[in-house]
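To keep things clear, I will list the structure first and then write my remarks on it.
The values are calculated or read from the model by the stated rules, or taken from the named source; none is laboratory data. If you're wondering where the values come from, they're calculated on a predicted model, not measured in any experiment. We place every Cβ from the backbone using ideal geometry, glycine too, and count neighbours over all the protein chains shown.
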Amino acid sequence: MKVVFANTGREDPRTLDFVQQMGQRWSVPITWVQYLPDAPWFEIVNHNSAARDGEPFEAMIKHKRYTPNGRKRICTEQLKVRAARRLLVACGWTRWTKTLGIRADEPHRHEQADQPREKIWMPLVAAGVTKPMVLKFWKAQPFDLPEGVDSNCLLCFQFGLAQLARQMREDPDDDFPERMEALGFGTFLKHPWSEIREYAFSQTDMFETPRRRTLCGAAENEECAA
C-alpha cells in the first residue's frame, strides 16, 4: 500500500503542514510527489522541499503550452492523477486499487470510472459516512486542518467569485494567475485575471455569499479527486 500526496505548488501552506502532521502523528508513510515537465515526469519531495510558489503548475503550463480552464481542466489530471500514477509505475506496479475519500453524501462525485490499470474504491461511500460524521471524527483528534483553509489550489479557477475575492483580499500579493496568463497560453476564466481581480475589489459587497461547490470538490475542504 502507498499513501500518496501530489503537491501542485499552489496548495495552502497549512494544507502541507496538515499532511505532514497526519504522517507523523499516525505513523503513516506518505510519499509526496510533484509534476516534472520531462522524464520521469514526477519527482519525490517532502514537506521541506515541496514547492510552495507554483513551480510544478507553471512547469506544466509551459510544457503543455496551455492554461487550464473550466472546459479543459488539465491541472488535476497532470499534477495530481498522473503524477501519482507515474510513481506507482516507477515502483513496478501494473495494477492497483485507488482509494478515494469521497463521502456517501456526495452523490455528484460517485461516478468515478475505473481506468485500465486501476480500480476505484470509495470506502466512505460503502460505509455510509457523511460530512457530520467526518466532522465528529476530526473533533475528537488532537489536530485538524485549520478553519478557513480551502482545498485545493489557492485562487483555483473553479472557485466562485466570492471565494476568489476573499482569497485575493487575504493575500493581495498573490499574482500567480496573472503571471501564468502572461505566458501567453490562454486565461483561466473567460476574462483575464487582472479584470477578475479589479472587479472583485471594486464590487466587494457582491461577493459576500456562501462558497459554492466546485466540479472537482475544491470547496468545502474536499479533495480534488477527478
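Looking at GLU58, GLU43, which is the one that is in contact (Cβ under 8 Å) with a residue 24 or more places away in the chain, surrounded by 13 or more Cβ atoms within 10 Å (Cβ to Cβ) and touching a Leu at 6+ places or on another chain (Cβ under 9 Å)?
Criteria check complete, one pass: GLU58.
ILE44 passes all but one of (1) assigned to a loop (DSSP other than H, G, I, E, B); (2) touching a helix residue (DSSP H, G or I) at 6+ places or on another chain (Cβ under 9 Å); which number fails?
Here ILE44 meets the rest and fails (1).
For the list (1) closer than 24 Å to PHE143 by Cβ; (2) of a type in the set (D, E, K, R); (3) surrounded by 15 or more Cβ atoms within 10 Å (Cβ to Cβ); (4) over 17 Å from the mean Cα position of the chain (by Cα), I need the number of the one condition that ARG25 fails.
For ARG25, the failing item is (3).
Which of the residues that make up segment 42-72 are of a type outside the set (D, E, K, R), over 24 Å from GLN24 (Cβ atoms) and within 18 Å of the chain's Cα centre (by Cα)?
GLY54, PHE57, ALA59, MET60, ILE61, THR67, PRO68, ASN69, GLY70
For LEU88, indicate whether it is closer than 30 Å to PHE143 by Cβ, out of contact with any helix residue (DSSP H, G or I) (no Cβ under 6 Å at 6 or more places or on another chain) and at pLDDT 95 or above.
Yes, satisfied.
Of everything in segment 110-148 that's modelled with pLDDT of 95 or more and of a type in the set (S, T, N, Q), which residue is farthest from the chain's Cα centre (by Cα)?
Per the criteria, the residue is GLN141.
Give the residue that is modelled with the highest pLDDT, with candidates limited to residues of segment 167-221 that are among the basic types (Lys, Arg) and more than 30 Å from GLU111 (Cα to Cα).
Out of the qualifying residues, it is ARG179.
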